[in-house]
Amino acid sequence: MNYTYYLFLITLLVFPVISVLIYKHLNISVPRKLMLLIVFLLLTHNFLFLVGYSIKGDYPDYLIFSLEYLVLCISVVLLYKSKSVYAKPFRFIGTAILSLGGLIGLIGIFLFIPISEEYEANKTFYFKANNIDYETRRYSFAFATIDNIKYTFDTYKVYPFLIEKKIDSSVFFDTKTELNIGEDKLKISIGINEKNLIFTSTNDKIFSKRIK
């Protein structure tokens, strides 16, 4: 079990409980401007993530997404303190989302063990092209009832100040590729024109794909 597994469970099972405790035992009211600022920052992060930009590494973004759920939990319980008629539909929708999340979390106590493995990089490849730093993180997924191992390679262009941009995501199955795809000596590089991502394994097999 790993960081991602525990983060899943804390997010879906612990954060709602924390929010209820805040509702019952703490008399707080979040200033509207502060709430709008938090929502704006989180939406900005989500937008940048969708277009490929993220904080270097997986864990910072995982943590931010988890904190987003905490903000949702706190927002829902605070809606129960509101007497506005407009709060009722949002309160209902929010409660339904948290209830579903709690159910998924309970089931996930067991299911998240294999699922979380796919979100933990087990190897990182570093390389340069035209004085630009690149990083490819490899994730693998295997299960007792599956005949092959799924490998996902996410490649990022690395910028200063811990910013990166995803430029490619490639999926391989070990039984459906000629590459020794699971080996740590796999070589990943960028073509001269910076439009191709090249995988080369020690059995001299090469796979090249165009970067979108």
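The values are calculated or read from the model by the stated rules, or taken from the named source; none is laboratory data. Just so it is clear, the model here is predicted, and its values are computed rather than measured. Cβ atoms come from the backbone with ideal geometry, glycine included; neighbour counts cover every protein chain shown. All accessible areas refer to the heavy atoms of the entire protein, side chains included, with ligands and DNA or RNA removed. Shrake-Rupley method; radii C 1.70, N 1.55, O 1.52, S 1.80 Å.
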task: Quick one: angle between helix 32-50 and the longest Cα principal axis of the chain, in degrees between 0 and 90, rounded to 10, please.
output: 20
Cut-off under 5 Å, modelled amide H: who pairs with Asp174 long-range: Ile149, Tyr151
query: Which lysines have a Cα lying under 29 Å from the Cα of Lys81, excluding residues fewer than 8 positions away in the same chain?
result: Lys24, Lys33
query: For the chain, what relative contact order do you get, as a whole percent, if you take Cα pairs closer than 8 Å and at least 6 residues apart?
result: 16
field: Added length on full extension, which subtracts the Cα-Cα distance from 0.36 nm per residue, Leu21 to Ala142
entry: 39.7 nm
message: For the pair Phe127/Val14, report the inter-label distance in nm, with labels modelled 7 Å from Cα in the Cβ direction.
response: 3.9
- request: Determine which lysines satisfy two conditions relative to Lys150: a Cα distance under 28 Å, and not lying fewer than 8 residues away in the same chain.
  value: Lys56, Lys123, Lys128, Lys165, Lys166, Lys176, Lys185, Lys187, Lys195, Lys205, Lys209, Lys212
- prompt: Among 87-100, 55-68, how do they line up from the highest to the lowest mean number of other beta-carbon atoms within 10 Å?
  reply: 55-68, 87-100
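What is the calculated FRET efficiency for Lys185 to Ser82, with r their C-beta to C-beta distance and R₀ = 35 Å, to the nearest 0.05? The partial results should precede the final answer.
Values: r = 59 Å, r/R0 = 1.69.
E(calc), rounded to 0.05, equals 0.05.
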statement: Pseudo-spin-label distance Thr200 to Ile104, built 7 Å along Cα→Cβ, given in nm, is 4.2
- request: Apply the Karplus parameterisation 6.51 cos²θ - 1.76 cosθ + 1.60, with θ equal to phi minus 60°, to every residue of segment 62-75 and state each ³J(HN,Hα) to the nearest whole Hz, in sequence, with x for glycine and proline.
  value: 4, 5, 5, 4, 5, 5, 4, 5, 4, 4, 4, 4, 5, 4
- line: So Leu63 and Tyr159, fully extended at 0.36 nm per residue minus their Cα-Cα distance, gain in nm 32.5 nm
field: Carbon and sulfur %, accessible surface of segment 122-167 computed with the full protein complex present, 1.4 Å
entry: 56
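Length gain on complete extension for the stretch Lys33 to Lys209, per 0.36 nm per residue less the alpha carbon to alpha carbon distance? It would help to have the intermediate numbers written out before the result.
Details: separation 176, 0.36 × 176 = 63.36 nm, distance 4.70 nm.
Full-extension gain reported as 58.7 nm.
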statement: Expressed as a percent, the accessible surface of segment 25-78 that is carbon or sulfur, using a 1.4 Å probe and the full set of protein chains, is 78
- request: Find the accessible area per residue for segment 1-158; the probe is 1.4 Å, ligands and nucleic acids are left out, and the unit is Å².
  value: 62
